[in-house]
1. At 0.36 nm per residue, minus the direct Cα-Cα distance, what do residue 276 and residue 419 gain on full extension? Give it in nm, one decimal, please.
2. Between the helical axis of 468-491 and the dominant principal axis of the chain, each derived from Cα atoms, what acute angle in degrees is found, rounded to the nearest 10?
3. I'd like the orientation of helix 117-128 relative to the chain: the angle between its Cα long axis and the longest Cα principal axis, in ° from 0 to 90, rounded to 10.
4. For segment 217-346, would you read off the P(r) tail past 17 Å as a percentage of all alpha carbon pairs?
5. Please grab the % of Cα pairs in segment 167-225 that end up more than 16 Å from each other.
6. Taking R0 as 22 Å, what's the FRET efficiency between residue 208 and residue 168 from their Cβ-Cβ distance, rounded to 0.05?
7. Quick one: Debye curve from the alpha-carbon atoms of segment 26-165 only, equal weights, vacuum; give me log10 I(q)/I(0) at q = 0.10, 0.19, 0.20, 0.21 Å⁻¹ to two decimals.
8. Counting alpha carbon pairs within less than 8 Å and at least 6 residues apart, what relative contact order, in whole percent, applies to the chain?
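Derivation of every value follows stated rules applied to the coordinates shown; laboratory data play no part. Owing to the predicted nature of the structure, the values given are computational and were not obtained by experimental measurement. Positions of Cβ are backbone-derived with ideal geometry, glycine not excepted, and every protein chain shown enters the neighbour counts.
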């Protein structure tokens, strides 16, 4: 059945709830989701904590306007605390919200592309039974919330492409604002939204209004954040973490540079001196701490960025640690830019290419272990969740989460099958008569997939918990591409009379 952009007989909600097969599928999906949660919490009664967790909790506790990370998740924690202090409630909300957005995506794909029952079964089983969703939701971290909002953002873009309505412009702009406040991996989202809106079939005034709303909301948040940094540090910046991250990324490349340094400004001279001294010391080690991309240059107290910060505030016993950290952002941004500009080949070889490999099969990182192999939590977690003691535990042997070893493998397979399948579809487009709607959606997703790869690789070392959103969405389109090829293989001996309605 070809896609129609004027499906008006029933609303989307009626299409789900008043169709017996669809409502039955929804009920079965909800049962599977609830059963998974109950079984999981029997094994892991407490959330999983990582270093970021305590930063988010402290920011929520102190109700600050800016933090190391974007402030959105801390605001969410503070809002939820108005109703309950239960850690189980937090994990449950994160999990149900994430699975709910997955259902929104899956039913949208069914609504527009009309896949056969076997494809629907594969889509729902592979998506809803993905154990990564439960493990990510168990973190006190922004990962699950960011993935959920990103899936909503993407699904709304499909609606804008195929069946735009007046109400979706407002909700889409709000979702963009929310996801932007949770993690800055969403920096490219507004640009994609504006492109899709420009391409959508609606009148010029509506396009201008929708784009203006997005720009207004995102700009307001950015100005609010810049103002917060200016009041706190006296420096104009949008993200201090961005400066630290850029410098950290560049140092992984600079660690392998052996040629003399080029001309450098006086402002950066002392920082480069500290860096060079540190690099010389690393050459003496049999096992270098920067041998793989990670957080060494970002957070290690012995690494040059932290060393230089402590030197700058050596005589200062008054300034709080966050202000010290945030005040270094502009300088480190300039330093990182300097290193990338002057050593582009080293940056390509020692940071970008290894990070491309990371994207293909990212490190499991904190997903691979429970509570960083500790049996206790920091004071702020005890206070926030009203624990009677600092002790936490899991009803499993050891701290190793063995299932996490398979997450990178699964993501690598999904990405590879999508790429090979899509290339095959493109190369055989003379023979495969695909549904026009699916063809349009595939082109859009291939574009978005490419943008996400480039941004992720450039932004920071890729780890598995950052890839929940790409994994969920890529799986949906991978299955449909494979279904197209399988159906083509089954009917390839027939004359070209049939349109594949996948």
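1. Numbers: separation 143, 0.36 × 143 = 51.48 nm, distance 4.16 nm.
Extending this stretch completely gives an extra 47.3 nm.
2. 30
3. Roughly 20 degrees between the two axes.
4. Across segment 217-346, Cα pairs with separations above 17 Å total 61 percent.
5. Every Cα pair in segment 167-225 considered, those over 16 Å come to 38 percent.
6. Calculated value: 0.90.
7. -0.40, -1.12, -1.18, -1.24
8. The normalised contact order for the chain reaches 21 percent.
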